[in-house]
Amino acid sequence: MPRTHRTRTRTLIAAAGVGAALLARRAMRRRIARSPLWPMPALERPVSGRPRARTRRMRIIGRETIADGVVQLRLEGRELPAWEPGAHLDLVLPSGLVRQYSLCGDPADPTSYTVATRLIPEDAGGRGGSREVHEELREGTEIEVRGPRNRFPLESSHAYVFIAGGIGITPILPMVRAAQASGAEWRLLYGGRDRASMPFLEELEEIEKLGAGTGRVTVVPQDEAGLPDLGALFSTAEQAAAVYCCGPEGLMNAVSAALPPGCTLHLERFAPPATAMAGHSGGPFEVELRRSGRTVTVGPDESVLTAVRRELPDTPYSCQQGFCGTCQQRVLGGEIDHRDELLTDSERAHSMLICVSRGGDEGLVLDL
């Protein structure tokens, strides 16, 4: 065959191949547009409706006991994402447990993250994570870290009221620093069991000195002064102040009840609300895992997460208590019984936290 004819033939074949590929891609796009959930049936490894957070290795370069039962860790890494007050990290502990801890260091430091955790004994409701942090993590230890993520962001305001209970001071501390730096009016009420168990007291005293006069920080150790006087706190608050509170549920409820009209309330729990943890009670129902082509039955005393993981063991989760957001999944159908206090109204319209929330008698359809 002459060379020119051979070349022309190759060109025609290549063009035909390209044309066929283009037609195939266009047909695929049309097929997917008609049914975004195609292909069916089961995927070998279903993809979660919520992408996994990026994991990085970090080295503990500082460990310090900063109050009775409270350990502070400083973690060093490279090319760390920026963060803002209210953000937290997921620490993947050596045992595989995943726990969330608020960042309490300096957001301007691009080389390290700082967290602090209080030891919660098992007989006081601890689930082993804080004990592992206290007993296993030392300087030089490398651990996996996810985040940071922020579901407790500090919004711009002319005035703030900060309320912290115990270890709830950790997300509040960077907020106080930011409010002071911005020149906004602010007040902090900080309660705890006793002064020895309350971290960051000296730093808060130094921050207060930077402001105009004193009286911005009220420290209320329960063994000295009893419970905080929220009425007195709010009586001196600016109108339409932004109120930020982190602490145990009793404190949250008291702050919510005492909130003055016009103020906006922002809550962060380091333990889930009692309503979410009252049990997984309810009748059994079915959950269709649409992309996997499977259906699971959720028993009356188990979570949707537990039932789903029997079929899809790689489904991500963390706290199992309804406040970290890791298990959030898109809902394609069915009535949702929301039992968390994390999701926004817009998120609740099309998603749920499958570790605590449930479905009705007619069941649910998840994008899994």
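Within region 200-216, the residues that satisfy the criterion of being outside any helix (DSSP H, G or I) and either at pLDDT below 95 or in contact with a Gly (Cβ under 9 Å, 6 or more places away or on another chain) (or both) are Gly211, Ala212, Gly213, Thr214, Gly215, Arg216. Tell me whether region 245-259 contains one or more residues that are over 27 Å from the mean Cα position of the chain (by Cα), assigned by TED's automatic domain parsing to the domain that holds Glu185 and farther than 14 Å from Ile172 by Cα. No; the residues of region 245-259 include none that is over 27 Å from the mean Cα position of the chain (by Cα), assigned by TED's automatic domain parsing to the domain that holds Glu185 and farther than 14 Å from Ile172 by Cα. Filtering region 310-329 down to residues that are outside any loop (DSSP other than H, G, I, E, B) and crowded, with 17+ Cβ neighbours inside 10 Å, which residue is modelled with the highest pLDDT? Once the filter is applied, the top-ranked residue is Gln329. Glu155 falls short on exactly one of the conditions (1) closer than 25 Å to Cys263 by Cα; (2) touching a helix residue (DSSP H, G or I) at 6+ places or on another chain (Cβ under 8 Å), and that condition is (2).
Mind listing just one residue for me: the one in region 107-117 that is surrounded by fewer than 22 Cβ atoms within 10 Å (Cβ to Cβ) and either in contact (Cβ under 8 Å) with a residue 12 or more places away in the chain or of a type in the set (Ser, Thr, Tyr) (or both) and, of those, nearest to Arg177 (Cα to Cα)? Selected residue: Pro107. Each residue in region 331-342 was checked for being touching a Leu at 6+ places or on another chain (Cβ under 7 Å) and under 24 Å from Asp90 (Cα atoms), and 2 pass. Within region 219-246, being polar (S, T, N, Q) and at pLDDT 95 or above holds for one residue alone: Gln222. Checked across region 282-290, the condition of being assigned by TED's automatic domain parsing to the domain that holds Arg339, at pLDDT 95 or above and assigned to a loop (DSSP other than H, G, I, E, B) holds for at least one residue.
Residues that are within 13 Å of the chain's Cα centre (by Cα) and closer than 14 Å to Pro85 by Cα within region 143-172 comprise Gly147, Pro148, Arg149, Asn150, Arg151, Phe152, Pro153, Pro171, listed in sequence order. Hey, any hits in region 335-345 for a residue that's assigned to a strand (DSSP E or B), closer than 28 Å to Tyr101 by Cα and free of Cβ contacts under 8 Å to residues at least 40 places away in the same chain? Within region 335-345 (the criterion being assigned to a strand (DSSP E or B), closer than 28 Å to Tyr101 by Cα and free of Cβ contacts under 8 Å to residues at least 40 places away in the same chain), the answer is no, since none of the residues qualifies. Quick test of your reading of the structure: Arg187 fulfils all but one of (1) in contact with a helix residue (DSSP H, G or I) (Cβ under 6 Å, 6 or more places away or on another chain); (2) assigned to a strand (DSSP E or B). Name the failing condition by number. It is condition (1) that Arg187 fails. Looking across region 307-356, the residues that are among the hydrophobic types (A, V, I, L, M, F, W, C), in contact with a helix residue (DSSP H, G or I) (Cβ under 9 Å, 6 or more places away or on another chain) and closer than 20 Å to Ala87 by Cα come down to Cys327, Leu353. The set of residues in region 238-257 that are crowded, with 19+ Cβ neighbours inside 10 Å, small (Gly, Ala, Ser) and outside any strand (DSSP E or B) contains only Ala241.
The values are calculated or read from the model by the stated rules, or taken from the named source; none is laboratory data. Nothing here was measured: the structure is a model prediction, and the numbers come from that model. Note that we place each Cβ from the backbone using ideal geometry, even for glycine, and neighbour counts take in every protein chain shown.
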